[in-house]
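Working notes, beginning with the structure itself.
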Amino acid sequence: MERRVELTFELVCDVLQSAGLMTAEQRRDAGLREERERARLLHGRMVGGKRHGGSAEEKVHPAEVLAAMGLFVNGDPRYPLTEEMIVQALAQAIKVPYVHLDPLKIDAKLAAATLSRPFARRHNALVIAGNETSVTVAVSNPLDVELEENLRTFTRRDVKLVMAPPGDIQRIITDIYGFRTSVTAAEREIKGEVDIGNLERYVRLKRVEEIEATDSHVVNAVEYLFHYAFDQRASDVHVEPHRDQSIVRMRIDGVLHPVNTLPKVVHPAVVSRIKMLARLDIAEKRRPQDGRIKTARGDREVEIRVSTMATAFGEKVVMRIFDPEVIVRDLSDIGLFEKQLQLFEGFVQRPNGLVLVTGPTGSGKTTTLYSALRAVVSPEINVTTIEDPIEIVVDQFNQVEVQNKIGVTFAEALRHLLRQDPDVIMVGEVRDVETANIAIQAALTGHLVLATLHTNDSASAITRLLELGVDPFLLSSTLVGVVAQRLVRMICPHCRIETFLTPDQMSLLGLDTMNLAAQGEAPQLMVAAGQGCVKCRQTGLLGRSGVFEVLEIDDKIRKLIGQRASSKEIMKQSRQDGLMTLREAAIRKLAKGGTSFEEVVRVTVEGT
């Protein structure tokens, strides 16, 4: 008598609908797509011969099929329906404990000794804990009575079943039965060798109170310089040689400030110390060099990118400071308004398509891109970036650096990257038609591609690609959205006061003062200003936030792209569809008391 109970697709859909994770319309659509999606997943396993080390004959779990469809929880595009969520709902419905598998907490020796790898693979079963009388086994189908009996027979112990996502179980099996053993052996073999492939060098800076007079004076000077830069929230530190002395300048909130001077004779020693920390060639003083330093700032790590270049009076050093907490942030914290945030989250949660982020150098594109990647990264998604150079090393991403000297251009790296099974690709900059075409082909073949361009607004990004020679039909088919951005300095909260814009200022911003006067209202707008204090270095401004223009590519815009319409025509149509321009977004921040009139004028172009 057949005692095996199948965990059917219909049963899983019943559970999800009852739990409020799936609408009736989604269920009907999923039912129509089931066979096609199942066949696609099975084909992927057969083409590769093995998937997660498993055989092509393994059945596809219903949770895998549903998760691959790219559904959203109850139709809400903010919340993708993941394999983990599906299995959690199933476990709750059939009253079986759900476990989150942590490889570090699993008894690898017990797991490998209890079940053979073929059996574990075939039945999606993994022993995660046990003692002399019982074992706990993670399975993806706890309704399989035959499996439970077989487990009791093989282990000769009581069996407690818990439920986990099938993909997680297969990955842990690979880790325990194969990968972990190989890595451990390799580690013993090469232990003690120096890792020369790592881009970073970790440097422990002394705390200010630890720096002693007995230490080298140059070492002390450099460490103090780093600490001061961190304290002042500097994004860049310039050590510039001049005829009689060297000047140290720091870029704070986008503006360079002179902070100190160095005697001419000290400059080479300071440069050599910085180059040594960044693992650069101290003897090479003519050619430009690039390196990295990783250190700590309090309880978090900070990366410093070092660049040297020969000038008329000696080597100049520029250090760019990357604080992960500043650069890799939640999308809700970078300055998007609510509607813009919803649109952008919709862009990056799509399974495929092309998303462009545009703006001049220093406009915050890196923060936006890294924050978007952080929003989508997970153990199930392969996120890869191509950058020139890598801005900040993030463990969860696979990052590739462009090296033009050896032929690793954006286009060449992107071409090879497509053979690396990526899900999400970030291209640091689209500079030529070859890179643009490969990016579009990647988007057409099921990848989400994020890329940057240097244009003034969102509509110009579209026309720039067309001018490069991109086919209008392919562009309209793949382009999901365009985000243009700038950074504005924010009013210092320590010296903030309220004030009003003058009629002339309002007119300069394009506000209708005549209409207000005709309605009997005073032509003025209450805003905030900073008086200047020690905290903001007497600027009245402290910190920066983004202002954004988020263009969604709908059918009307696609039609204009196909017609090779100008950026003005695209902008006109998008304005009619409700687009908030950069100027309007900046004015809205001004009206909310976030930034100043001068900042709005500085970062936005009239008419945008």
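Read the figures in this text as sums done on the coordinates, not as results from a lab. Note that the structure is predicted; figures quoted are calculated from it, not measured. Note that we place each Cβ from the backbone using ideal geometry, even for glycine, and neighbour counts take in every protein chain shown.
Descriptive notes on the structure:
- Net +/- balance of residues flanking Gly543 in space, Cβ distance below 9 Å, scoring K and R +1, D and E -1: +2
- Among residues other than Gly469 with Cβ under 10 Å from its Cβ, the summed charge is -4 (Lys and Arg +1, Asp and Glu -1).
- Cβ-defined net charge surrounding Glu240, 9 Å radius [Lys, Arg +1; Asp, Glu -1]: +2
- Taking a straight line from the alpha carbon of Lys316, these lysines sit under 30 Å away, with near neighbours fewer than eight places off in the same chain left out: Lys206, Lys264, Lys275, Lys285, Lys294, Lys365, Lys405, Lys535.
- Reach of Lys95 by Cα under 24 Å, taken over lysines that are not fewer than 8 positions away in the same chain: Lys59, Lys105, Lys160
- In the chain, the sites counted are GluC sites (Glu not before Pro) in DSSP loop states with at most 16 other Cβ atoms within 10 Å, and the longest stretch holding none of them, exclusive of the sites, is 285-379.
- Rounded is the label for the stretch 321-479, because the ratio a/c of its alpha-carbon gyration tensor axes (a ≥ b ≥ c) stays below 1.5.
- Estimated FRET transfer efficiency when R0 is 56 angstrom, pair His257-Met69 (beta carbons, to 0.05): 0.60
- Additional length obtainable on full extension of the chain from Gln17 to Ser507, 0.36 nm per residue less Cα span: 170.9 nm
- Listed as lacking a disulfide-compatible partner in the chain: Cys13, by the criterion of no other cysteine Cβ under 4.7 Å.
- Folded to 0 to 90 degrees: helix 267-277 orientation relative to the chain principal axis, Cα: 10 degrees
- Among Ala112, Asn124, Leu143 the positive-end extreme of the charge dipole of the chain (Cβ point charges): Ala112
- Over the stretch 9-182 - Rg/Rh using Cα atoms and the Kirkwood inverse-distance radius: 0.98
- Put simply, the convex hull of the Cα atoms in the stretch 208-322 casts, on average, a shadow of 7.3 nm².
- Degrees, to the nearest 10: 458-468 long Cα axis against longest axis of the chain: 80 degrees
- Overall form of the chain per C-alpha gyration tensor (a/c, 1.5; a/b vs b/c): oblate
- Computed over the chain, the per-residue total of -39500 (n - 2.57) for DSSP H runs of n ≥ 4 gives a 222 nm mean residue ellipticity of -11500 deg cm²/dmol, rounded to 500.
- Tilt relative to the chain, helix 365-376 - C-alpha long axis, 0 to 90 degrees, to 10: 20 degrees
- The Kirkwood radius of the stretch 296-385, taken over pairs of alpha-carbon atoms, gives through the Stokes-Einstein law at 4 °C and 1.567 mPa s a diffusion coefficient of 83 µm² s⁻¹.
- Straight-distance candidates among the lysines for linking to Lys556, with alpha-carbon spacing under 21 Å and chain neighbours fewer than 8 residues away dropped: Lys339, Lys568, Lys572.
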